[in-house]
Amino acid sequence: MSRRIAAIVISLLAAFFAPRAEAGAISDGSTFPAKDTLNCQPDANADANDCIAGLQWKTGTFDVRCEPAKQGNGDWLVRFPSPVPSGDAVNDSVSMEWHMARDRDGNPAKAPAVVIVHESGRGMVAGRIFAKGLRPYGLHTFLVHLPGYGERTSTLTNNPKLMLPALKQAIADVRRARDAVAALPFVDSGNIGLQGTSLGGFVTATVAGLDRGYDHVFILLAGGNISEVILTGARDAAGLKKRLLQSGITDDDIRAGAKVIEPMRLAHRVDPKRVWLYTGKNDEVVPPACSRAFAKAANLDKDHHVELPVGHYTAAVLMPLILPKINELMRATPAP
């Protein structure tokens, strides 16, 4: 037997004998079969169709694997393959921190789930606040690590030239995360929400326009016109612009790269009854005009676009109000 054939046989045997979890049972190495449900309907707008063509992928089946989480970062670390691989094995294994909903006895409970998309900070502080803050309401939460973050830190991390292309992968990863979560035990697969903050909010906004896979979508401190945010925003946005320009990327390059992932190109496709946008009237990073432009294009009414009297960073003081509101909306009957 040649070495190549032997390697194939060993690979097939390993896959066959890999631990498959029974319904309701989870242990280190448990795997669950999942299937993509991405369904991007054709659009009357040619530009929207071009955007979709650049973001969608060939759907199929994949495995979702559980392994022990690091202390303080949830109950399990959930992994699945990126549908748009970059060629870096570490980066292409999408990871999510699973904070499990539990009953009064502390046992895992059947409950709705929320996929959380973090901000640009390496510590993912805001993302973890949402993931940990929503669990006490009886919701499963899954903090997905974007390309180059957390468990996906690799040789690609911190390369400014790869930042915008990585967001294309992030959009695919976040959409597939819905189907990965639905395959897990204890999750109410008929009620899965998506929440994103700042950078994660822009990713979330574009995902909401791809198709209507998520039952509820909550966007915080984001909106549309990504290139305008990078080129004109202050503080974090200004710092990002500086790093991009120092790496040799021009303003025109930023505009071209941002167009591929631009939420405004798909905003008219979102379901305005299932999307909520929370923005700051005094946001110094994301210009309020960018948030309002997305809200208008997405046809969000005043109950679905809530402008708060805060800035990008002071919005944290309103978390005690935002968390219970997300729980309330997650529990409400989805709009038809």
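Coordinate-derived values only; no laboratory data. Predicted model, so just to flag it, every value in this text is computed and none were measured. Neighbour counts run over all protein chains shown; Cβ positions are idealised from the backbone, glycine included.
Largest mean-square fluctuation among Arg265, Arg176, Arg104, in a Gaussian network model of the chain whose springs join Cα atoms under 10 Å apart, belongs to Arg104. Among Gln246, Gln169, Gln56, the largest mean-square fluctuation in a Gaussian network model of the chain (Cα springs under 10 Å) belongs to Gln246. Its Cα gyration tensor gives segment 28-331 an equivalent ellipsoid; the semi-axes, largest first and in whole Å, are 27, 22, 19.
Taking every DSSP beta bridge that has both residues in the chain, what percent is antiparallel when rounded to the nearest 5?
Antiparallel bridges: around 45 percent, rounded to the nearest 5.
Give me the Kirkwood hydrodynamic radius of segment 178-336 in Å, from all C-alpha pairs, to one decimal place? Can you show the working numbers first?
Working: mean 1/r = 0.0617 Å⁻¹.
So the Kirkwood estimate lands at 16.2 Å.
Taking every DSSP beta bridge that has both ends in segment 143-297, the antiparallel portion is near 0%. Distance from the Cα centre of segment 284-336 to that of segment 232-261, in angstrom? Their Cα centres are 25 Å away from one another. In a fully extended conformation the segment linking Leu321 and Thr157 would gain 55.6 nm over its present Cα-Cα distance, using 0.36 nm per residue.
Kindly put Arg235, Arg175, Arg212 in sequence by how many other C-beta atoms sit within 10 Å of each C-beta, fewest to most. Working shown, then result.
Numbers: Arg235 13, Arg175 27, Arg212 16.
Neighbour counts put them in this order, fewest first: Arg235, Arg212, Arg175.
Please report the net charge: other residues with Cβ closer than 11 Å to the Cβ of Pro68, K and R +1, D and E -1.
-2
When the listed pairs Lys35/Lys70; Lys70/Lys132; Lys35/Lys325; Lys273/Lys302 are checked against a 21 Å cut-off, the alpha-carbon distance exceeds it for Lys35/Lys70; Lys35/Lys325. Shape class of segment 73-219 from the alpha-carbon gyration tensor: prolate, with a/c at 1.5 or above and a/b greater than b/c.
In order along segment 236-250, the phi-based Karplus estimate (6.51 cos²θ - 1.76 cosθ + 1.60, θ = phi - 60°) of 3J(HN,Hα) comes to 4, 5, 5, x, 5, 4, 4, 5, 5, 5, 5, 7, x, 7, 8 Hz; Gly and Pro are listed as x. Once backbone amide H atoms are built at 1.01 Å from N, Leu194 has Val115, His216, Val217, Phe218 as its partners under 5 Å, excluding neighbours fewer than 5 places away on the same chain. The stretch between Ser27 and Asp47, if pulled fully straight at 0.36 nm per residue, gains 2.6 nm over its current Cα-Cα span. Determine the calculated [θ] at 222 nm for the chain from helices alone, applying -39500 (n - 2.57) to every DSSP H run no shorter than 4 residues and normalising by the residue count; nearest 500 deg cm²/dmol. Taken over the chain, the calculation gives -10500 deg cm²/dmol. Taking the C-alpha atoms only, the angle from helix 288-297 to the longest principal axis of the chain is near 70 degrees.
Which order do the peptides 79-85, 249-255 take when ranked by the mean count of other beta-carbon atoms within 10 Å per residue, highest first? Show your work: numbers first, answer last.
Working: 79-85: 18.9, 249-255: 14.6.
Averaged packing, sorted descending, gives the order 79-85, 249-255.
So between Tyr313 and Asp105, what do we pick up on full extension, going 0.36 nm a residue minus the alpha carbon distance? Walk me through the intermediate numbers first.
On the way: separation 208, 0.36 × 208 = 74.88 nm, distance 3.70 nm.
Between Tyr313 and Asp105, full extension yields an extra 71.2 nm.
Below 8 Å, C-alpha to C-alpha, sequence gap of six or more: please give me the relative contact order for the chain in percent.
The value is 15 percent.
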